[in-house]
Amino acid sequence: MKLDFIELGNLSIAAANMRGKGKDPDVADLMPSIRARGVLVPLLVRPNCSEGHFEIVAGRRRFTAVGAVAREGGAVRPIPCAILDEGDDADALEASMLENLARVQPDEVSQWEAFVALVKAGRSVEEVADSFGFEPRAVKRILALGNLLPRIRTLYRGGEIDAGTVRHLTLASKSQQKS
């Protein structure tokens with residue numbers, strides 16, 4: 001890994017970024033600091049297919065805040081970045097998740113999306129558990145969210161269904177979930 005400063009226009013969000021999907025996150029809490037000092041904690045990036053361009057594996061909120069400052073007409077300096085060695089998507093997703101777990105615990109649906117991607121990339125439940133300090137049983141419980149209808153996962157992510165109810169619904173058939 002090497003550290004470098006990269007221009008805002010040479011960065012984009014990686015598909016492997018666990019928080020990379022959906023609308024831009026709320027960055028109001030970061031804006032004063034970004035305006036005054038710029039980005040202090042490096043983004044995790046990796047090279048993408050274009051020379052000199054990088055995709056953000058972790059640091060979407062910081063990137064979004066810098067973009068907002070730029071749109072306001074504020075001065076934007078190159079962003080400090082830790083450039084990961086080229087690797088597979090599972091390595092990038094793992095890095096994204098590790099960085100995000102250290103900051104703010106992602107919701108279980110985001111964890112489920114990341115864990116599913118890791119399992120599809122060839123990681124075992126035990127490897128996922130070891131990488132993130134979970135018990136294999138906890139990883140299996142999170143992976144069980146895949147048994148839910150997408151609408152239920154969305155409601156759970158939005159806080160409209162509580163964790164206890166979701167645990168029961170992971171054991172229900174699709175027709176039981178619909179009713």
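The values are calculated or read from the model by the stated rules, or taken from the named source; none is laboratory data. It should be emphasised that the depicted structure is a prediction, and the values quoted were computed from it without experimental measurement. All Cβ positions, glycine included, derive from the backbone under ideal geometry; neighbour counts span all protein chains shown. Accessible surface areas use protein heavy atoms only, side chains included; no ligands, DNA or RNA. Shrake-Rupley method; radii C 1.70, N 1.55, O 1.52, S 1.80 Å.
Tabulated data for the structure shown
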quantity: Every pair of residues 6+ apart whose Cβ atoms lie under 8 Å, when the first sits in region 108-123 and is in contact (Cβ under 8 Å) with a residue 24 or more places away in the chain while the second is surrounded by fewer than 17 Cβ atoms within 10 Å (Cβ to Cβ) and aromatic (F, W, Y); calculated: none
quantity: From G38, G67, G73, residue being out of contact with any Pro (no Cβ under 7 Å at 6 or more places or on another chain), open to solvent by less than 50 Å² (accessible area, probe 1.4 Å) and at positive phi; calculated: G38
quantity: Qualifying residue in region 45-52 (condition: under 14 Å from the mean Cα position of the chain (by Cα) and modelled with pLDDT of 90 or more); calculated: yes
quantity: Given (1) under 19 Å from E94 (Cα atoms); (2) open to solvent by less than 30 Å² (accessible area, probe 1.4 Å); (3) touching an Asp or Glu at 6+ places or on another chain (Cβ under 8 Å), index of the condition A138 fails; calculated: (3)
quantity: Where K21 falls short, out of the listed (1) in a strand (DSSP E or B); (2) surrounded by fewer than 14 Cβ atoms within 10 Å (Cβ to Cβ); calculated: (1)
quantity: Any hit, region 82-93, residues being within 22 Å of A28 (Cβ to Cβ) and either surrounded by fewer than 19 Cβ atoms within 10 Å (Cβ to Cβ) or modelled with pLDDT of 90 or more (or both); calculated: no
quantity: Enumeration of residues in region 31-52 that are over 16 Å from V66 (Cβ atoms) and part of a loop (DSSP other than H, G, I, E, B); calculated: N48, C49, S50, E51, G52
quantity: Region 143-164, subset closer than 19 Å to K21 by Cα and of a type in the set (V, I, T), residue surrounded by the most Cβ atoms within 10 Å (Cβ to Cβ); calculated: I152
